[in-house]
Each structure stands twice: as structure tokens, then as C-alpha cells.
Amino acid sequence: MKEKLINISANHDEYTLQIKDRLIELLNKNGFKHNDGFSKGAELNVTIGGDGSFLKGVRDSNFSKTPFVGINTGTLGFYPEISPEKLETFVSDYISGNFTINSVSLVECEIKAGGRSEILYAVNDIVLKRKDMKTIHLDVYIASNHLEKISGDGLIISSPLGSSAYNKSAGGSLVYPSLKTLQITPLSPIISNAYRCLECSIIVPPEFEISIFPEREVDYYVAIMADGFTFEYEQLESIQFRTSKKVINRLTTGKFNYWNVIKDKFL
């Protein structure tokens, strides 16, 4: 008989660890085994914590195709939808198959720097800034057409689900998840006689690629944050952003209503 294995990834908060122990007890009573971390042989990935724990879990798993579900012991809890008070209901729903699996499109960026190429993925967003956090000047192309030069603190490229995160705080638009678009949002853009760019965010359809080129040598040294995890590059040549063919799968109990989630979390 195949072992029923469930991965559990939790932060180290005392309350979170208490909920983890409760979950393990419930799983064991129902014939499941648990694994700390991410085993490829598991049938489900469970994260316990807030949104940061969910995103860290996805990254630590190397964007596993095994479905993810989050138990919320954090504050906002946009991704982890299961409350600790409903652990028993969640386990019962999972056993009975009372859930749906939805694919979540990722943001993909290809970074060319110092003669080398690297690809990063993100669930929420990828943020580009200068390494020393000074004003950066970037040429922006959409589908090989030059659109503008952005001068300011940097920019955010967000997914539809990520549109409600840093993008929203920076003045970007909320985007319904099924649209599968990318959104470019400038961070503190400079608008003056010397520098001109769009002050609003731009929503780009999935078939179009966004290309970014640094304008000056001082802009070659950048910090790129993918879902809050920072990567630094020197001698930046270009970055291409696209809606990735790679997805993660998210398990949802009940019926997911995006507008109710937005109202519950923000209003």
C-alpha cells in the first residue's frame, strides 16, 4: 500500500508550531504520514504561517507541481486560506475530496549579466532596483517596441495574484487572477523637465514579453527581489519578463471568490 505522505513547511513562531503539532496529530489519526520540508513523493504541500511562509515554501520546494495549501497563522493571509480553527474541517474535506486545484501562473525573468544568463521565477512579483538604492534609469520595451524610459526608485513586475501585494501599495491596479497578465508599476517615478515617464502602471497581455535595459553604466549594478528574496547582479545587460509556462498548483476548499477575499483582507 502506498504511503500517504504530506509535506509540512512551517515558520518557527511558537503559535505556528502549536498548530503544526495539531495538524500532525490529525493527519496521523487519519492514516497520513508527514514530512518536514519537501519530499517529491508527497501528495500535498502544506505551509503554516503567513503569506511569507507560503511564498518561501513554494520557493524552497523549487516550485513543486504538488498542490499547495496554506494554514494562516500570520496577519494578512492572502495565500494561506485555512484558519487554525478549521483544521479538522480541512482534513475532513481533503479526505473526502471536497476541494479544487487551481493553477497559478508565475512571473518569469531572464537576466543577462556579465556574459551569463539566469532565469528567476516568482509567484507574486519581481522588483528591480539599483544595488545602492539610488535613482535608476531603465529603458522599457514591450513586444520589442520601445515604450519609455523609467527614472526613479525602480519598478515592479507583478502577476495577477501579486497585484494585491507590493504592486497595490505602490499604486498599481488589482487584476483578476484568471486574466494571466503582467503588470509594470514604476516606483516613485521622476516627472520633471529632465525626466518623463508614465506615472501609472501598465497591464501587459501574456503573449507579450517585457524587456528592460539599463541606460547608464551606474545602472548595471542591480538588486532583483523575487517574492522578497534578493539577488544581486553586476554588469547587467538586459532582463526579459514573461508569463511563465511553469505554474504551481493551489488547493482550495469551498469556492474561491476573489472579490470576497479582497473585501475581507483590505476593506
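Results, tabulated for the structure shown:
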{"quantity": "Qualifying chymotrypsin sites (Phe, Trp or Tyr not before Pro) for the stretch 218-264 [loop in DSSP, other Cβ within 10 Å: at most 14]", "calculated": "F256"}
{"quantity": "Under 14 Å, Cβ to Cβ, from L87 - net charge with Lys/Arg +1 and Asp/Glu -1", "calculated": "-2"}
{"quantity": "Candidates K65, K149, K255: whichever shows maximal mean-square fluctuation once the chain is modelled as a Gaussian network with Cα springs under 10 Å", "calculated": "K255"}
{"quantity": "Segment T252-F99, extension gain: residue separation times 0.36 nm, minus the distance between their alpha carbons", "calculated": "54.5 nm"}
{"quantity": "From phi via Karplus (6.51, -1.76, 1.60), per-residue ³J(HN,Hα) for the stretch 223-231 in Hz, x at Gly/Pro", "calculated": "10, 10, 10, 9, 6, x, 9, 9, 10"}
{"quantity": "Pairs of Cα atoms farther than 13 Å apart, the stretch 153-204, %", "calculated": "52 percent"}
{"quantity": "Charged-residue dipole, Cβ positions (Lys, Arg, Asp, Glu), the chain about Cα centre, Debye nearest 20", "calculated": "560 debye"}
{"quantity": "Prolate/oblate/rounded label for the stretch 121-188 (Cα gyration tensor, a/c 1.5)", "calculated": "oblate"}
{"quantity": "Given K56/K134; K86/K129; K4/K255; K33/K129; K33/K56, the pairs whose alpha carbons are separated by over 32 Å", "calculated": "K86/K129; K33/K129"}
{"quantity": "The chain: calculated mean residue ellipticity at 222 nm from DSSP helix runs of at least 4, using -39500 (n - 2.57)", "calculated": "-5500 deg cm²/dmol"}
{"quantity": "Shape of the chain, Cα gyration tensor, a/c cut at 1.5", "calculated": "prolate"}
{"quantity": "Solvent-accessible area per residue, Å², over the stretch 52-107 with all protein chains present [probe radius 1.4 Å]", "calculated": "43 Å²"}
{"quantity": "Size descriptor, Kirkwood hydrodynamic radius, that averages inverse alpha-carbon separations across the stretch 43-197, Å", "calculated": "17.8 Å"}
{"quantity": "Hits among aspartates and glutamates - C-alpha to C-alpha of K263 under 18 Å, sequence gap 8 or more where chains match", "calculated": "D51, E81"}
{"quantity": "Note, ³J(HN,Hα) from phi for the stretch 178-189, Karplus 6.51, -1.76, 1.60, rounded to Hz, x at Gly and Pro", "calculated": "6, 6, 6, 9, 10, 10, 9, 10, x, 9, 6, x"}
{"quantity": "Cα→Cβ-extended label distance, 7 Å offset, between D60 and N260, nm", "calculated": "3.0 nm"}
{"quantity": "Accessible surface of the stretch 122-267, 1.4 Å probe, proportion on carbon and sulfur as whole %", "calculated": "50 percent"}
{"quantity": "Dipole axis of the chain (+1 Lys, Arg; -1 Asp, Glu on Cβ), positive-most option in L120, C109, P67", "calculated": "P67"}
{"quantity": "Net charge of Cβ neighbours under 14 Å - reference V261; Lys, Arg +1; Asp, Glu -1", "calculated": "+2"}
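The values are calculated or read from the model by the stated rules, or taken from the named source; none is laboratory data. Values in this document were obtained by computation on a predicted structure and should not be read as measured data. For neighbour counting, all protein chains shown are included, and Cβ atoms are generated from backbone atoms with ideal geometry for every residue, glycine included. Side chains are part of the model used for accessible areas, which takes the heavy atoms of the whole protein and leaves out ligands, DNA and RNA. Shrake-Rupley method; radii C 1.70, N 1.55, O 1.52, S 1.80 Å.
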